[in-house]
Amino acid sequence: MPIDVTDATFETEVLERSMTTPVIIDLWAPWCGPCVALTPILERVTDATNGQVVLVKVNVDENPNIARAFQAQSIPAVYAVRDGQVVDGFVGGQPEHVVAQFVASVLPTEEEVEVEELIAAGDEDSLRAVLNELPGHEDAIIALGELLVATDRAEEALALLARIPESERTRKVAAAARVSMKPVDDYDEKLASLLDSVKADEQARQEYIDILELMGADDPRTAGYRKKLTARLF
């Protein structure tokens, strides 16, 4: 069954969901005859994928922000979203075989399904199998990096992370790797001891930042320690 999406739920139901499952967006309105005719076709075709694709419907009269974002000049307008990006689309009514081809084009390939299964398995052999074929696969690198840190192979984890651009995810794993080589029992005590050195000593500054990374933004202490770091550096 399709999911009704609004301006308020678009980010969660479409963008976030599309990071794991392709999403088909149907822009429609109750007064639009071709929209009413297209809806059951979209439902049949997407239902036939058994959850590999999600269909969402957007009433453009009630959710004008979404319509503007897609710059839809007429409806029905249908778009496919994967990994937060529009990858295909069409405007106007279409016969079922054309819709079926459109949906099939955004389904994961056999290779993609196999990769996801290996990553979901999560063991070292499975993750290395992915990286043998796709050396820069971010999800596999992150998962294997976490596993390496957990099994006291921090240097190997850092070398692995160097394959891909730095991101919030890589910073977290890299921080865990570096801290694991110099374990910290008391974050407050360690941060206090490092504070006087952070401006002149790059290693001390990195250690301070790594501890804050592990504490995370949700830790009530983090914001205060970041302010102290900024004050010392600037």
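Laboratory data are not the source of any read-out in this text; all were calculated from the coordinates shown. What you see is a predicted model; the values in this text were computed from it and never measured. Note: ideal-geometry Cβ built from the backbone for every residue, glycine included; neighbour counts use all protein chains shown.
Just check region 3-104 against the gyration tensor rule for me: Cα atoms, a ≥ b ≥ c as the square roots of the eigenvalues, rounded for a/c under 1.5, and otherwise prolate or oblate depending on whether a/b exceeds b/c.
Oblate.
Treating only the Cβ atoms of Lys and Arg (+1) and Asp and Glu (-1) as charged, compute the dipole magnitude of region 82-190 about its Cα centre; round to the nearest 20 debye.
Numbers: 10 positive and 25 negative charges, 90 e Å.
Approximately 440 debye in magnitude.
Say the dipole of the chain comes from +1 at the beta carbon of Lys and Arg and -1 at that of Asp and Glu; which of Thr222, Ser74, Val113 then lies farthest toward its positive end?
Thr222
Read phi for every residue in region 13-24 and hand back ³J(HN,Hα) as whole Hz from Karplus 6.51 cos²θ - 1.76 cosθ + 1.60, θ = phi - 60°, with x for Gly and Pro.
With the stated coefficients, region 13-24 comes to 6, 10, 5, 5, 4, 5, 5, 10, 9, x, 10, 9 Hz.
Identify which of the listed values of Kirkwood radius over Cα pairs in Å was calculated from the structure shown: [x] 17.7; [y] 18.4; [z] 21.1.
It is the value labelled [z].
In straight Cα distance, which lysines are under 22 Å from Lys227, not counting same-chain residues fewer than 8 positions off?
Lys172, Lys190, Lys199
Of the DSSP beta bridges with both residues in the chain, give the percent that are antiparallel, rounding to the nearest 5. Don't skip to the answer; put the middle values down first.
Values: 11 of 19 bridges.
Once the DSSP bridges in the chain are tallied, antiparallel ones form about 60 percent.
Which of Met1, Met19, Met215 has the fewest other C-beta atoms within 10 Å, and how do the rest follow up to the most? Write out the running numbers ahead of the final one.
Numbers: Met1 7, Met19 11, Met215 18.
Ordered by Cβ neighbours within 10 Å, fewest first: Met1, Met19, Met215.
Quick check on region 109-180: take the gyration tensor over C-alpha atoms, sort the square-rooted eigenvalues as a ≥ b ≥ c, and tell me if it's rounded (a/c under 1.5), prolate or oblate.
It is prolate, given that a/c is not under 1.5 and a/b is the larger ratio.
Could you give each residue of region 206-222 its phi-based ³J(HN,Hα) in whole Hz, using Karplus coefficients 6.51, -1.76, 1.60 with θ = phi - 60°, and x for Gly or Pro?
Calculated HN-Hα couplings, in order: 5, 5, 4, 5, 4, 5, 4, 4, 6, 5, x, 5, 6, 6, x, 7, 4 Hz.
Starting from the amide H of Val87, placed 1.01 Å from N in the peptide plane, find each other amide H under 5 Å away whose residue is 5 or more places distant or on another chain.
So Val87 has HN proximity to Ala80, Val81, Arg82.
Using θ = phi - 60° and the Karplus form 6.51 cos²θ - 1.76 cosθ + 1.60, what ³J(HN,Hα) does each residue of region 79-88 get, whole Hz, x for Gly and Pro?
Using θ = phi - 60°, the values come out as 10, 10, 10, 10, 6, x, 10, 6, 10, 6 Hz.
Picking from Thr109, Thr21, Thr12, which is most flexible by a Gaussian network model of the chain using Cα springs under 10 Å?
Ranking Thr109, Thr21, Thr12 by mean-square fluctuation puts Thr12 first.
Under a Cβ-only charge scheme (Lys and Arg +1, Asp and Glu -1), can you give me the dipole magnitude of the chain about the Cα centre, in debye to the nearest 20?
Details: 21 positive and 43 negative charges, 198 e Å.
Rounded to the nearest 20 debye, it is 960 debye.
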